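One structure is given below, encoded as structure tokens.
Nothing in this text is a laboratory measurement; each read-out follows from the coordinates by a stated rule. Not measured: the values here are computed from a predicted model. Counting neighbours? That spans all protein chains shown, and the Cβs are built from the backbone with ideal geometry, glycine included.
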Amino acid sequence: MDLKGKRAVVTGSNSGIGLGVAEELARAGAEVILNSFTNREEDHALASGLSARFGVTVRYIQADLSKGEEARGLVEQAGGCDILVNNAGIQHVAAVEEFPVDQWNRILAINLSSAFHTIAVALPGMRARGWGRIVNIASAHGLTASPYKSAYVSAKHGVVGLTKTVGLETAGQGITCNAVCPGYVLTPLVEAQIPDQMKVHGMDRETVIREVMLQRQPSRQFATTEQLGGTVVWLCSDYAAQVTGTTISVDGGWTAL
Ligand code: NAD
């Protein structure tokens, strides 16, 4: 895949899936903008490391995507983009009647509204160039629900709705907009939960993964950040030029149940 000459903005990309997507886009030759809300030396070092590894320009831009103006500013500071991957996301688990209002608002802002803001700023440039790829990282929870995740499930279903709408508004213009819906992915965040789960359940690593964490994922295997990155690169390719306004599940069969 050759994405030379394309500039990609990946939100929430200093760890996990976002970083995996950024790596695969850089491997394919794209210029990449990494982002998170922090502004640490290691964030900028991550960018220079990727740049050295893949021989492409990689910049880190700080923006707190809970704020609409910073989400818009990210795309402006990048100088526009050809590829926009809305990946930043957070989670909070609580019963709906006890769900903290500030957490509800924060999840909706970061997981859903930030994509509205970045898309609104990125689209005019994509239209002018007659080419664009928007990929929203939703979730199996964009298609199904789980108890105690009302804000996350609502936001991810919203992302799928936004994806369909933008797919329609850009159809036939060289621009596609799709949502990738991962099941459980082995990110550092998920990896960090394994030792605790082993203690709580008195199980070994493999049993915790298979019986506790992946009980809803029929393959009983995690998806990897590389697989998510590869899916995004494919969506950026000419093979996927007629794939728009839809969802691609990378969930080991979760949503087939
Ligand atoms: P992660 O915590 O490793 O990554 C989240 C990223 O978002 C980080 O880079 C973080 O810094 C960034 N972020 C958080 N708040 C931000 C803010 N206010 N402004 C800017 N950036 C912010 O988690 P992950 O598992 O890699 O998740 C990435 C995306 O994939 C999320 O949207 C998540 O909902 C989705 N997802 C993950 C899984 C999974 O199993 N890991 C499954 C389905 C969907």
Counting pairs of alpha carbon atoms under 8 Å apart in space and at least six apart in sequence, what relative contact order in percent does the chain give? 19
Once phi is turned into ³J(HN,Hα) by the Karplus curve 6.51 cos²θ - 1.76 cosθ + 1.60 with θ = phi - 60°, what whole-Hz value does each residue of the range 177-186 show in order, with x for glycine and proline? 9, 9, 10, 9, 10, x, x, 6, 10, 7
When Lys and Arg each count +1 and Asp and Glu each count -1, what net charge do the other residues less than 9 Å away from T57, Cβ to Cβ, add up to? +1
Rank by packing, highest mean first: peptides 162-175, 195-208, 80-93, with packing defined as the count of other Cβ atoms within 10 Å averaged across residues. 80-93, 162-175, 195-208
Considering the options N14, A30, A47, tell which one lies farthest towards the positive end of the dipole of the range 1-105, charges being +1 on Lys and Arg and -1 on Asp and Glu at the Cβ, about the Cα centre. A30
Residues whose built amide H sits under 5 Å from the amide H of G29, excluding neighbours closer than 5 in sequence, are L3
Could you tell me how far the Cα centroid of the range 1-72 sits from the Cα centroid of the range 229-252, in Å? 19
Placed amide H near I134: partners under 5 Å, 5+ positions off or other chain: L84, T176, C177, N178
Using a/c under 1.5 as the rounded threshold, could you call the range 45-129 rounded, prolate or oblate? The axes a ≥ b ≥ c are square roots of the C-alpha gyration tensor eigenvalues, and prolate needs a/b larger than b/c, oblate otherwise. oblate
Size of charge dipole - the chain - debye, nearest 20, with Cβ of Lys, Arg +1 and Asp, Glu -1, no other charges: 480
When the Karplus curve 6.51 cos²θ - 1.76 cosθ + 1.60 is applied with θ = phi - 60°, which whole-Hz ³J(HN,Hα) does each residue of the range 137-153 get, with x for Gly and Pro? 7, 8, 4, 4, 6, x, 10, 9, 10, 9, x, 6, 10, 4, 5, 5, 5
Using a Cα-Cα cut-off of under 13 Å, which aspartates and glutamates could be cross-linked to K156, ignoring same-chain neighbours fewer than 8 residues away? none
Between Q242 and H201, what is the spin-label point distance in nm, taking each point 7 Å from the Cα along the Cα→C-beta axis? 4.4
Rounded, prolate or oblate for the range 101-149? Axes are the square roots of the Cα gyration tensor eigenvalues, ordered a ≥ b ≥ c, and the cut-off for rounded is a/c under 1.5. oblate
Hey, in the GNM for the chain with a 10 angstrom Cα cutoff, which one of A47, A192, A179 fluctuates hardest? A192
Quick check on my link table: of K67/K199; K4/K149; K67/K149, which ones sit more than 28 Å apart, alpha carbon to alpha carbon? K67/K199; K4/K149
Would you compute, from DSSP H runs of 4+ residues alone, the mean residue ellipticity of the chain at 222 nm, taking -39500 (n - 2.57) per run and dividing by the full residue count, rounded to the nearest 500? -12500 deg cm²/dmol
Could the peptides 101-107, 154-160 be put in order, highest first, of the mean number of other beta-carbon atoms found within 10 Å of their residues? 154-160, 101-107
Provide the net charge surrounding T144, with neighbours chosen by a C-beta distance below 13 Å and charges set as Lys +1, Arg +1, Asp -1, Glu -1. +2
